[in-house]
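As structure tokens, the structure follows; a few thoughts come after it.
The values are calculated or read from the model by the stated rules, or taken from the named source; none is laboratory data. Remember, predicted model here, so these are calculated numbers, not experimental data. Note that each Cβ is placed from the backbone with ideal geometry, even for glycine, and that neighbours are counted across all protein chains shown. The area values use the complete protein model at the heavy-atom level, side chains included, leaving out ligands, DNA and RNA. Shrake-Rupley method; radii C 1.70, N 1.55, O 1.52, S 1.80 Å.
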Amino acid sequence: MAYIDGFIIAVPHTNKDAFIRHAETIDDVFLKWGATRVLECWEDNVPDGQVTDFRRAVQAREDEAVIFSWVEWPDKATRDAGMEKMMAMMETDSRFDPEQNPMPFDGKRMIFGGFVPVVTLEHQP
């Protein structure tokens, strides 16, 4: 059964290109260690809610966009093994060096978690 890692972050609008470059660099590692797909989605229609919303969840400021991302894995075992490999390489791989590939957002406000799909609908042509 598939496994999903989900992420929500706030990125300054002025850092959009830097975010895309950063994501392309890091996301390749997810694929290398077994992920089947990675999506990085830039805010397009994110309304303010009455009680809570995406913007409040990451304390997005007016000059920031909300990014909704997920990594699809074939199963949790592949995800756990892949994440373990990624953590091990963080000390030695320049892609994770904040001086060579700085995060263009405040990582302290990132929300993330792992999810097991319970409903999957796909259009069949």
Mind telling me which of the residues ILE9, ILE26 ends up being open to solvent by less than 80 Å² (accessible area, probe 1.4 Å), modelled with pLDDT under 95 and within 24 Å of VAL116 (Cβ to Cβ)?
ILE26
For the list (1) touching a helix residue (DSSP H, G or I) at 6+ places or on another chain (Cβ under 6 Å); (2) without any contact (Cβ under 8 Å) to a residue 60 or more places away in the chain; (3) in a helix (DSSP H, G or I), I need the number of the one condition that VAL46 fails.
(3)
For ALA23, state whether it is in contact (Cβ under 8 Å) with a residue 12 or more places away in the chain, assigned to a helix (DSSP H, G or I), under 17 Å from ILE8 (Cα atoms) and hydrophobic (A, V, I, L, M, F, W, C).
yes
Does segment 71-87 contain at least one residue that is open to solvent by 90 Å² or more (accessible area, probe 1.4 Å) and either touching a Leu at 6+ places or on another chain (Cβ under 9 Å) or in a loop (DSSP other than H, G, I, E, B) (or both)?
no
So which of THR120, THR92, THR36 ends up being within 17 Å of ASP5 (Cβ to Cβ), of a type outside the set (D, E, K, R) and over 17 Å from the mean Cα position of the chain (by Cα)?
THR120
How many residues, within segment 94-110, are more than 15 Å from ALA23 (Cα to Cα) and surrounded by 11 or more Cβ atoms within 10 Å (Cβ to Cβ)?
1
Identify all residues within segment 44-65 that are within 19 Å of PHE7 (Cβ to Cβ) and open to solvent by less than 100 Å² (accessible area, probe 1.4 Å); write none if there are none.
VAL46, THR52, ASP53, PHE54, ARG55, ALA57, VAL58, ALA60, GLU64, ALA65
Verdict on ALA60 being in contact (Cβ under 8 Å) with a residue 12 or more places away in the chain and in a loop (DSSP other than H, G, I, E, B)
yes
Single condition GLY34 does not satisfy, out of (1) in contact (Cβ under 8 Å) with a residue 24 or more places away in the chain; (2) surrounded by 14 or more Cβ atoms within 10 Å (Cβ to Cβ); (3) assigned to a helix (DSSP H, G or I)
(3)
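Looking only at segment 1-20, filter to residues that are of a type in the set (A, V, I, L, M, F, W, C) and in a helix (DSSP H, G or I); which one of those is farthest from the chain's Cα centre (by Cα)?
Looking at residues that are of a type in the set (A, V, I, L, M, F, W, C) and in a helix (DSSP H, G or I), I get ALA18.
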